[in-house]
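Taking it in order: structure first as structure tokens, then the write-up.
Quick note: the coordinates plus some simple rules give every number you see, no bench work behind them. Everything numeric here is computed off the predicted structure, so don't read it as measured data. Don't worry about glycine lacking a Cβ; one is built from the backbone with ideal geometry, like all the others, and counts go over all protein chains shown.
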Amino acid sequence: MATVIPAHAAERLKGLRSSAHSTGVFTSDFSVNEFLLVRKAGFEPIGLCVGTCVYHVGIQYGSWSKNQELDVLSKAMYHARELAMSRMRAEATAMQADGIVGVKLTIKRLEWDAQLLEFIAIGTGVVHGDGHKGFRAHDGGPFTSDLSGQDFWSLLHSGYRPVEMVMGSCVYHVAHRGMLSGLGTIGRNVELENFTSAMYEAREIAIERMQYEAANAKAEGVVGVEIHEGSHGWQTHVIEFFAIGTAVLPLEQEIAPEKIEDPIMVLSVND
Amino acid sequence: MGLFDFLKGPSPEDLARRAEHNARIADIQRCLQSGDVPASIKTRLEGARNGTLPWLATLTPAELSIVRSHGLRPIATVSATCWLHYGWSWTQGHAQGWELALRRLRDEAWAAGANAVLDVKMRTIPLGGENSMDFTLIGTAVSVEGLPPSNDPIVATVPALEFVKLLEADVVPTGIAIGAHYEWLADYSRSARMTWRGNIESQTLSELWEVVRQRAHQNLRSHARTQGNGVLAHLNFSQMFESEQNKVPQYLARHIVVATTVDAKRGTTLPHHIKIMVDIHAGSTPLTGTKRHHQSYTSNEAEGAI
């Protein structure tokens, strides 16, 4: 038996315009699956939210033979992202969104000036279909999350809700090795402990900062943690460790009254 | 920051930060030598372990839901690095580097009170250091409800979904095994220079490869034995070079195999029925296996999920 097409869809197929969005259209960058799953989760997209920031990143040189955080650059990278994110969030607040899903955070270099970086944050603002305000972040504003629509649905169905995208940045100068220190290592495989410890410190600082943000957002945990290593046109041996993830809180009883079922495991027989 | 800021002395804030950095680096270096987990990392891991700090997980929400339904609890992101200089052997250096990083990762997992580390990725940061390479492992430490913390946490290079799949089938991914071997061949008879000889096997080089590959796989087997009773998902990397010394052609062949070790009871099969269904995931489905779990080797050979 063929599945019955819902009445609204059938009318549209017959050529009748919908009156469902009489106040206007919604915009989003959702794929089909994302759209269906965000709505299944009880949310409706209302509009794309964008925040950009063109930032002039100052200059800071590390001493040639020293491991050190380049705090001027760390602050710049963090501050610029923060500005882009907060502008995006302000747009979402203006359209009374309860949250933003699928946030993409990108950095572009502007051709004519190596020190100018463009930071872009873009995501889809959503509202809860029944007007439930319990999904908002701890400060009453919209939640932010870099999770896709599918991930958003899955998160709610694992008993959590997103609170805030959290991040930590550390731009670090890794010391160069002296000429003499190289001589002692001929003929042996040795660990370069100053390189190793530089990686440890830089990564730790980035993770700690992200975790600190999560703690400030009163989150229980952070999902989808990624640690990126990047160099945005700086001298060699300068590297940014950037930790990012979505801070989450357990769903309270009144927000999701339905019982969460255990997921079904699937083994694909495709190659 | 103003243009003439360098004329001013360092602010008390700067001095405090420098002191903190110096103390932290000194501690990290001491711990690298003594084989302990550095103090600042330990504090973070213990905070996540007893709930005073948020837990951190590289898992996606779908993975979070599946690990929770199987009684696993994420604790913290753990990582380990060993930056090794190849003064003696590039090939053996890869085995040494990964092994040391693996040991450090286990130590962090132990400090986090974990039973396992999932979703372990092999990373190399391209800083272009000559004759040296960074061996980094990053993963998510988890504990299993009802089990005491392990004093030898397992390390699984598979993502959480696959980890749980394997657990349901009574298979435990336990670690990473490395097999590396290289050999030099001095070709005095110049038998590998075959310019005018038409279609013919280069027996000299075939034999060299045969030996190198077999020895690498033997090493893989003996390294795997310390961690489990089998391996899955090989990554193969091999290179051959030619050079000339005193008019004698020299060949260097090297081969590295890296694989996920498992502990699997023989004869156990998957307890599930097979059912046909449609997958709602965007893009390529995560059900068909895993993404590349390393970016340390650019290889022209087919590879598995490690």
> Which of the listed residues, B:Asn22, A:Gly47, B:Leu166, is farthest toward the dipole's positive end in the protein assembly as shown, when Lys, Arg count +1 and Asp, Glu count -1 at the beta-carbon?
Replying inline: B:Leu166
>> If you average the alpha carbon positions of the range A:193-210 and of the range B:14-76, how far apart do those two centres end up, in angstrom?
In response: 11
> About the Cα centre of the protein assembly as shown, what is the dipole size in debye to 20, counting +1 per Lys and Arg Cβ and -1 per Asp and Glu Cβ, all else neutral?
Replying inline: 560
>> If I take the Cα coordinates of chain B and project them onto the principal axes, what are the three extents in Å, biggest first?
In response: 73, 72, 39
>> Under a crude label model (7 Å from the Cα following the beta-carbon direction), how far is B:Ile276 from A:Gln96 in nanometres?
In response: 4.8
> When all alpha-carbon pairs of the protein assembly as shown are counted, what percent fall beyond 47 Å?
Replying inline: 21
> In debye to the nearest 20, how big a dipole does the range A:25-250 give about its Cα centre with +1 on each Lys and Arg Cβ and -1 on each Asp and Glu Cβ?
Replying inline: 60
> Where does each of B:261-270, A:165-174, A:243-252 land if you order them by average Cβ count within 10 Å, highest first?
Replying inline: A:165-174, A:243-252, B:261-270
> Amide H of B:Ile176: which non-local residues (sequence gap of 5 or more, or other chain) have their own amide H closer than 5 Å, using H built in the peptide plane?
Replying inline: B:Thr261
> For the range A:25-250, what D do you get in µm² per second when you plug the Kirkwood radius from alpha-carbon pairs into Stokes-Einstein at 10 °C and 1.306 mPa s?
Replying inline: 84
> Got a sec to turn the phi values of the range B:131-148 into Karplus ³J(HN,Hα) couplings, 6.51 cos²θ - 1.76 cosθ + 1.60 with θ = phi - 60°, whole Hz, x for Gly and Pro?
Replying inline: 6, 8, 8, 9, 10, 10, 10, 10, x, 10, 7, 10, 10, 9, 4, x, 10, x
> Going through the range B:69-157, which GluC sites (Glu not before Pro) have at most 16 other Cβ atoms within 10 Å and a DSSP loop state?
Replying inline: B:Glu130, B:Glu145
> If you count, for every residue in A:149-156, the Cβ atoms of partner chains within 10 Å of its Cβ, what is the mean?
Replying inline: 4
>> Given N residues in the range B:116-188, what is its alpha carbon radius of gyration divided by 2.2 N^0.38 Å?
In response: 1.57
> With point charges of +1 on the Cβ of Lys and Arg and -1 on the Cβ of Asp and Glu, referenced to the Cα centre of the protein assembly as shown, which listed residue (B:Trp83, A:Val127, B:Ala216) lies farthest in the positive direction of the dipole?
Replying inline: B:Ala216
> In nanometres, what is the gap between the two model label sites at A:Asp139 and B:Arg17, each 7 Å from Cα along Cα-to-Cβ?
Replying inline: 2.2
> Can you give the charge dipole size of the range A:43-137 about its Cα centre, rounded to the nearest 20 debye, using +1 on the beta carbon of Lys and Arg and -1 on the beta carbon of Asp and Glu?
Replying inline: 140
> Mind checking which helices in chain B clear 27 Å along their axis (Cα) and have mean Kyte-Doolittle hydropathy of -1.0 or more, DSSP H runs only?
Replying inline: B:12-34, B:90-111
> Which semi-axes, in whole Å and largest first, does the equivalent ellipsoid of the range B:52-133 have when worked out from the alpha carbon gyration tensor as the square roots of 5 times its eigenvalues?
Replying inline: 31, 13, 11
> Roughly speaking, what is the stretch gain from B:Asp170 to B:Asn229, that is 0.36 nm per residue apart minus the C-alpha to C-alpha distance, in nm to one decimal?
Replying inline: 19.9 nm
> For all pairs of alpha-carbon atoms in the range B:1-91, what percent lies in each bin of width 10 Å, listed from the first bin to the last filled one?
Replying inline: 12, 24, 26, 23, 12, 2, 0
> Can you pull the mean other chain C-beta count within 10 Å for peptide A:197-209?
Replying inline: 6
> What stretch of chain B, leaving out the sites themselves, is the longest with no chymotrypsin sites (Phe, Trp or Tyr not before Pro) in a DSSP loop having at most 12 other Cβ atoms within 10 Å?
Replying inline: B:5-187
> What does the helix-only formula give at 222 nm for chain B: each DSSP H stretch with n ≥ 4 adding -39500 (n - 2.57), the total divided by the residues, and the result rounded to the nearest 500 deg cm²/dmol?
Replying inline: -10500 deg cm²/dmol
>> Could you sort the peptides B:23-36, B:63-76 by per-residue average Cβ neighbour count (10 Å cutoff), highest mean leading?
In response: B:63-76, B:23-36
